[in-house]
Amino acid sequence: MLKELLGLLLLCLFLIGCSSVDVTSPDANSNTIDSGQNIVPEKLVEQKPVVEKEQYHPQASSPQQQEQSQPQEKPFCQGTGAVNFTASPMDVLDLDYINPLGLMIGCHVTPIDHQYYYAKSWSPQPAKVEDLKDVHVPAAGVVREVQRMPGEYTTSDIGDYRIIIDHSCTFYTIYIHLNLLSSKLSAMVGDRGRTPVTVEAGEVIGKARSFDFSVHNEDVRLKGFIVPEHYDGEAWKIHTVDPFDYFVEPLRSSLLEKDIRTAVPRGGKIDYDIDGKLMGNWFVKGSGGYSGKNHGEYGYWKNHLAFAPDGLDPSHLVASLGDFNGEAKQFGIKGNVPDPAHVDVTSGLVKYELVSANYVDRNGQFLDGGHFTQGVIVKNGDAIEGVLVVQLVDGRTLKAEVFPGKKVADVSGFVNPMVYER
């Protein structure tokens, strides 16, 4: 498997998309990199998120939620519109590969809204300070906020931070899982944007050996999310764009050489809803959409269900379940049929046989996570893991029930289905 699947499938906590939860502010003794790049490690203890006055709520987006969590969302941004990126988030010489938007892994039941940058120093073992590489700003901007990840979503005992940088008032980048911060950003932790901190293209803002990176353009609204209100808890998601589109040449080409995905769009895709069809994201009816009624309470993804092309091999269809025998899990569909893009109300009861799936390289060898390769495809296994029964009640209401360990011949129809909506 890819590093992504080796290291992260076993640890959902690595992924912020799983954590539409509050990100807590650290104390003043945070990790820093001083102007001479000397590192002052933090002795981070395992923490549980607590309700604090300074707590950050990444899912807040409605006027009421914004008032509670971010009274001044972008107090120091300037101008509008997208900008060009002239620097790589990680030096190309340090970079091993980039995983695209749109993967579905573990508790990331719906397609993931960020890319993953991996340094050549990455391994499944816990990070050491000497493994960390510089993380850069792609374009000038104003740092909106710097917050520490809560304990159950922390990826390293060195430190773990989330950063938002406004490049204009409608265009911003998000970094997650930086382990060390520059002194400038360290001084801002927990400040919640009260003090303007500007950064320049190429400036080092921290260190990590792997991190999440995403770009969001509020002048763009993804059409493949047909009920945008379901994503109010993560308001940036419906404005996610392909990061590669904003890098100047020859930097863009250099980064594309590191991109695992070869399909177009090269940066990946996350919005697959087709109105009236099965394809796309679904949420248990009345559960509160993507983030749930409790705004990202741990385990909110159990109410998610998605049918979408694989993030690396779009010819392969994925059934992604938030609750399969008590855990979030992804499957291939036996025979890759029927295509969810063609399933509608007239299809009646549809039974999918679920199978395991693995990534293989051009030579048909299963990926072991030890090397970078492009042209990845997915190969379904032969063993039936269960049956997923679905039926569209109307264009935006779905009944679904999973039968682990069963085959189609064992399942006549619904027994106790869940109702999903979008």
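Values in this text are rule-based calculations from the coordinates and carry no lab data. Small disclaimer: the values here were computed from a predicted structure and weren't measured. Glycine gets a Cβ as well: all are built from the backbone with ideal geometry, and neighbour counts include every protein chain shown.
Using Cα centres only, tell me the gap between region 251-274 and region 298-328 in whole Å.
Centre-to-centre (Cα) distance: 20 Å.
Note down the net charge around D91, summing +1 for each Lys or Arg and -1 for each Asp or Glu among other residues with Cβ under 10 Å from its Cβ.
Within the 10 Å Cβ shell, the charges total -1.
If you project the alpha carbons of region 331-402 onto their three principal axes, what span does each projection cover, largest first, in Å?
Principal axes ranked by extent give 46, 22, 17 Å for the Cα atoms.
Between rounded, prolate and oblate, where does region 124-271 land on the alpha carbon gyration tensor, with a ≥ b ≥ c its root eigenvalues, rounded for a/c under 1.5, else prolate if a/b exceeds b/c?
Note, shape of region 124-271 comes out rounded.
In what sequence do L278, L103 fall when counting other Cβ within 10 Å, fewest first?
L278, L103
Going Cα to Cα from K379, which lysines come in below 18 Å? Please leave out same-chain ones fewer than 8 positions away.
Qualifying lysines at Cα under 18 Å: K3, K329, K334.
For region 292-422, evaluate the Debye formula with one uniform point scatterer on each Cα (no solvent term) and list log10 I(q)/I(0) at q = 0.21, 0.22 Å⁻¹, rounded to two decimals.
Normalising to I(0) and taking log10 leaves -1.29, -1.36.
Taking N as the number of residues in region 254-319, what value does Rg over Cα atoms divided by 2.2 N^0.38 Å take?
1.38
Where a ≥ b ≥ c are the square roots of the eigenvalues of the C-alpha gyration tensor, would you call region 95-166 rounded, which needs a/c under 1.5, or, failing that, prolate if a/b is larger than b/c, or oblate?
Here region 95-166 falls in the rounded category.
So for W301, W122, fewest C-beta neighbours within 10 Å to most, what's the order?
W122, W301
As a footprinting exposure proxy, order T240, T373, T80 by other Cβ within 10 Å, with the fewest listed first.
Result, fewest neighbours first: T80, T373, T240.
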